[in-house]
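Each remark here refers to the structure printed beneath this line.
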Amino acid sequence: MTSNVAPLFEPTPSPPSESWFTRLRRRQWFPYLMVLPALLIVLGVVVYPMAYSLYVSFTPFHLLRPDTTSQFMVENMFDNYARLARDDVFWRSVWNTVLFMLVTVNTSIVIGFGMAMMLARMTFALGPARVLLMIPMMFAPVLIGFQFSWFFNATVGLVNNALGTLGLITEPIAWLVDEPNGMFSIMVATIWMTVPVVTIVLLAGRLSLSEELYDAASVDGASVYQRMRHITIPQMRPFFVIVMVLLSLDIARAYDIVRMMTDGGPAHRTELIWTYVGQLAIRNSQFGMASAMSMAGVVLGVAFTFILFRQMMQLRKDLG
């Protein structure tokens with residue numbers, strides 16, 4: 001005879017068996033295990049080459065004399081840096097790089113901001129305009145350098161032909177040879193390449209602003225200039241800083257466009273830090289000197305980046 005009385009306590013179901021991966025995830029060292037492959041890649045691709053380049057900068061390493069890489073002596077370890085300090089071409093490349101960064105970054109931001117403001121006011125065809133704006137970003141810097149070297153060619157260049165047709169010049173201008181025109185030509189090519197990035201970032205910043213601020217300012221009788229000065233520019237300061245950091249870090253490593261347009265010449269008039277490093281390492285085979293100059297360029301880049309990030313942190317503190 002069976003009983004229909006329910007048991008007082010239901011049997012507790014046994015917990016499902018955990019997989020080995022679930023048990024592994026509970027280990028305290030599991031997060032470090034997940035990060036380990038990325039750390040190994042960074043060590044192999046970044047840290048080791050940097051450390052080896054730093055070591056080579058203390059040696060008279062010449063590519064045609066491989067035994068010189070082992071000639072490390074404490075009393076002579078700073079010879080390459082001392083030679084750089086006495087090298088007029090090095091200091092000229094530093095000055096050209098600083099001037100190149102200041103002009104191209106600021107001009108790109110001004111032009112990009114103006115284009116972003118115009119695009120923000122568009123009520124139709126904004127999508128196709130963005131697509132057209134991104135076309136310069138699709139070209140490699142080498143191709144852009146080759147393209148603008150033809151534009152500024154003294155004989156068959158598009159710029160001289162256009163200026164001659166308009167009657168603005170009577171003789172061809174040696175854009176890539178003359179003292180001020182060489183840097184100007186490189187700056188124009190770089191600005192053409194970087195303006196789309198600036199425009200897209202600043203356009204996103206402008207579209208993220210609340211229209212209620214502008215409506216309230218219009219009701220109060222604020223002019224276009226007043227709205228720009230007291231609303232748009234202060235509210236978009238974080239986007240300006242982001243663009244400045246990105247452009248500065250990218251333009252400080254400029255090599256491709258200069259290599260294709262002028263190759264740092266003539267007579268080092270358009271020489272930048274990294275084009276001079278390439279000349280020392282590839283053409284002259286002076287890897288010790290090139291490594292020392294690379295370390296100097298890295299120090300300058302780190303110092304400049306530190307200043308920019310301090311500005312970002314200060315901006316973040318000001319915005320609360």
Anything in the chain that counts as a DSSP H helix reaching 30 Å or more along its axis (C-alpha) with Kyte-Doolittle mean of at least 0.0? List them, would you?
88-120, 179-207, 287-318
Ignoring everything except DSSP H segments at least 4 long, calculate the 222 nm mean residue ellipticity for the chain; use -39,500 (n - 2.57) per segment, divide by total residues, nearest 500.
-19500 deg cm²/dmol
Considering the Cα positions of the chain, please state its Rg to one decimal place and its Dmax as a whole number of Å.
29.1, 121
Mean separation of Cα contacts under 8 Å, 6 or more apart, over the residue count of the chain: relative contact order %:
26
Förster radius 41 Å - calculated FRET efficiency between residue 40 and residue 307 (Cβ-Cβ, nearest 0.05)
0.80
In whole angstrom, the spacing between the Cα centers of segment 108-136 and segment 201-235 equals 17
In whole percent, what relative contact order does segment 42-185 give with Cα contacts below 8 Å and a gap of six or more residues?
10
Highest first, please rank the peptides 82-92, 269-279, 251-261 by the mean number of other Cβ atoms sitting within 10 Å of their residues.
269-279, 251-261, 82-92
For segment 249-320, max minus min Cα coordinate along each principal axis, in Å, sorted largest first?
52, 27, 16
In whole angstrom, note down how far apart the Cα centers of segment 43-92 and segment 288-307 are.
13
Cα Rg, Dmax, segment 183-282, angstrom units:
19.7, 64
What shape does segment 122-211 have by the C-alpha gyration tensor, where a ≥ b ≥ c are the square roots of the eigenvalues, rounded means a/c under 1.5, and otherwise prolate means a/b greater than b/c and oblate the rest?
prolate
Projected onto the charge dipole of segment 45-202 (unit charges on the beta-carbon of Lys, Arg, Asp and Glu, signs +1, +1, -1, -1), the Cα from 95, 188, 200 with the largest positive-side position is that of 200
So what is the diffusion coefficient of segment 46-90 in µm² per second by Stokes-Einstein at 25 °C and 0.890 mPa s, using a Kirkwood Rh over Cα pairs?
216
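Just so you know, all these numbers are worked out from the coordinates, no wet-lab data involved. Everything numeric in this text was worked out from a predicted model, so none of it was measured. Note that each Cβ is placed from the backbone with ideal geometry, even for glycine, and that neighbours are counted across all protein chains shown.
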